[in-house]
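Novice: Please see the structure below; I have some questions.
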Amino acid sequence: MRKNGRRAGKSKTPSRQLDLLPPLHEWVAAAGLAAVMELLERERAALCGMRYRHDRSRSAFRGGHVASSLVLGGRRVGVRRPRVRSRNGRELKLPSWAAWSARDPLTRRAMEQMLLGVSTRKYARSLESLAPGLKQRAIGRSAVSRRFITHTEHKLTQLLSQNLAALELPVLMVDGVHFGAHVVLVAMGIDRQGNKRVLGLWEGATENAAACKALLANLAERGLRTDRAILVVIDGSKALAAAVREVFGARALIQRCREHKKRNVTDALPKPMRNPTRQFLNRAYASGEVERIAKLLEQQARKFHHAHPGAAAALREGLEETLTVTRLGVPEQLQRALCSTNPIENLFSRVRAIAHRVSRWRDGYMVLRWSAAALTECQPTFRRIYGWKTMDVLIRALRAHDAALDRRALAA
């Protein structure tokens with residue numbers, strides 16, 4: 001059907017008109033800033049009265065505008081702030097401006113972008129564009145870097161100052177992660193509900209006894225109990241084992257990581273022998289009885305004694321401490337979770353993913369800042385360990401160990 005010589009139907013916006021429309025986020029930002037200025041003017045009118053009206057009872061007066069800025073979309077955007085002065089000349093703050101200026105999400109935004117892999121040089125490009133007429137600042141490389149440093153320092157201080165006295169932690173895991181020439185030792189606790197929690201970290205050149213002892217001593221100073229039995233899961237490091245014994249004494253039941261043990265043994269063998277040996281070690285540890293596991297592994301060490309003495313020594317070193325969770329009678333599923341440092345190794349893989357783009361570590365403090373930021377970023381996503389519902393079995397075994405030590409002390 002035609003009307004006035006034209007086909008009837010819905011009118012369409014010409015493509016040329018669509019091209020002139022700004023992007024939606026630019027339009028929303030511009031409209032939002034206009035609404036902000038309107039709200040500020042209303043608040044000023046509430047304090048000063050209507051413009052151009054004489055009011056002898058008024059206690060505040062308009063003071064024009066001043067160049068200022070508000071945080072919007074990860075940067076500061078220039079605005080003209082309305083000013084209000086009291087009768088004695090003191091400047092009064094508008095309620096909305098006081099609330100918005102007190103909040104500074106810039107640091108949090110910079111932190112998120114950096115942890116997601118955005119470099120300081122590309123920070124500005126990662127933000128949504130604004131209308132061309134708006135002035136922006138605080139998006140340069142130096143400004144972003146300063147905010148990131150400030151926030152990571154806060155995270156590090158927060159992590160190293162948390163009080164541990166109220167925590168009941170039957171399990172403590174300690175391991176190290178390498179960043180260039182630096183090693184960061186990380187301590188992670190596991191509570192009776194199976195929740196993982198980063199307790200502290202310490203920087204050193206290697207996983208030596210001094211660094212390990214300093215980390216554990218720092219945990220003790222902040223309230224971690226050393227007068228009750230605790231299962232301490234570590235890698236194959238002798239330095240870590242020595243430091244644990246020095247700080248916790250006989251209260252520490254050390255579980256050496258079985259995965260590290262298997263790796264140390266197979267690395268000392270020719271390549272054709274590695275897979276069969278690993279399979280044998282898996283079967284031996286899965287047999288379930290302490291005596292049987294120890295017998296099988298000792299037999300394998302004797303086989304390696306002459307042909308591969310390095311593998312034999314690696315297998316025998318700390319062998320008894322790889323059987324601690326089995327000796328305690330921990331259920332199978334929980335035993336699999338606690339017989340290695342895999343829970344903390346999984347955490348390290350995420351930390352490396354966050355810090356992988358750092359090409360040069362300037363100093364150990366930078367390493368600690370990044371580590372603290374990455375660890376606290378990962379912590380909200382932690383899952384409980386497998387078998388956590390049977391954690392009471394482990395706790396009863398630890399209390400029995402405490403009772404045995406106390407009886408021994410009384411007898412002496």
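Only the coordinates and a few stated rules stand behind these numbers; no lab work does. Small disclaimer: the values here were computed from a predicted structure and weren't measured. Positions of Cβ are generated from backbone atoms using ideal geometry, with glycine treated the same way; all protein chains shown enter the neighbour counts.
Novice: Which number gives the lysine pairs in the range 168-411 that have C-alpha atoms under 19 Å apart and are eight or more places apart or on different chains?
Specialist: Lysine pairs, 8 or more places apart or on different chains, close enough: 12.
Novice: Just tell me which aspartates and glutamates come within less than 14 Å, Cα to Cα, of Lys93; anything on the same chain fewer than 8 places away is out.
Specialist: Glu41, Glu43
Novice: Run the dipole for the range 168-411 about the Cα centre, Lys and Arg Cβ at +1, Asp and Glu Cβ at -1, nothing else charged, and hand back the magnitude in debye, nearest 20. Intermediate results must be reported in sequence, preceding the final value.
Specialist: On the way: 39 positive and 24 negative charges, 114 e Å.
Roughly 540 debye for the range 168-411.
Novice: Another one. Distance in nm between label sites at Arg146 and Glu345, each 7 Å beyond Cα in the beta-carbon direction?
Specialist: Roughly 4.4 nm, to one decimal.
Novice: Given the peptides 282-293, 323-334, arrange them by the average over their residues of other C-beta atoms within 10 Å, most packed first. Present the calculation step by step, with values, prior to reporting the outcome.
Specialist: On the way: 282-293: 13.2, 323-334: 17.7.
Answer by packing, highest mean first, reads 323-334, 282-293.
Novice: Continuing with this model, one more query. Shape call for the range 168-411 from the C-alpha gyration tensor, a ≥ b ≥ c root eigenvalues: rounded (a/c under 1.5), prolate (a/b greater than b/c) or oblate? It would help to have the intermediate numbers written out before the result.
Specialist: Numbers: a/c = 1.63, a/b = 1.13, b/c = 1.44.
Oblate, because a/c is 1.5 or more while a/b does not exceed b/c.
Novice: Shifting gears a bit: Considering only His401, Phe348, Asn282, whose Cα is most displaced toward the positive end of the charge dipole of the range 168-411, charges sitting on Cβ of Lys, Arg (+1) and Asp, Glu (-1)?
Specialist: Asn282
Novice: Could you check the simple spin-label distance between Gln333 and Asp267, using points 7 Å along Cα→Cβ, in nm with one decimal?
Specialist: For the pair Gln333/Asp267, the computed spacing is 3.3 nm.
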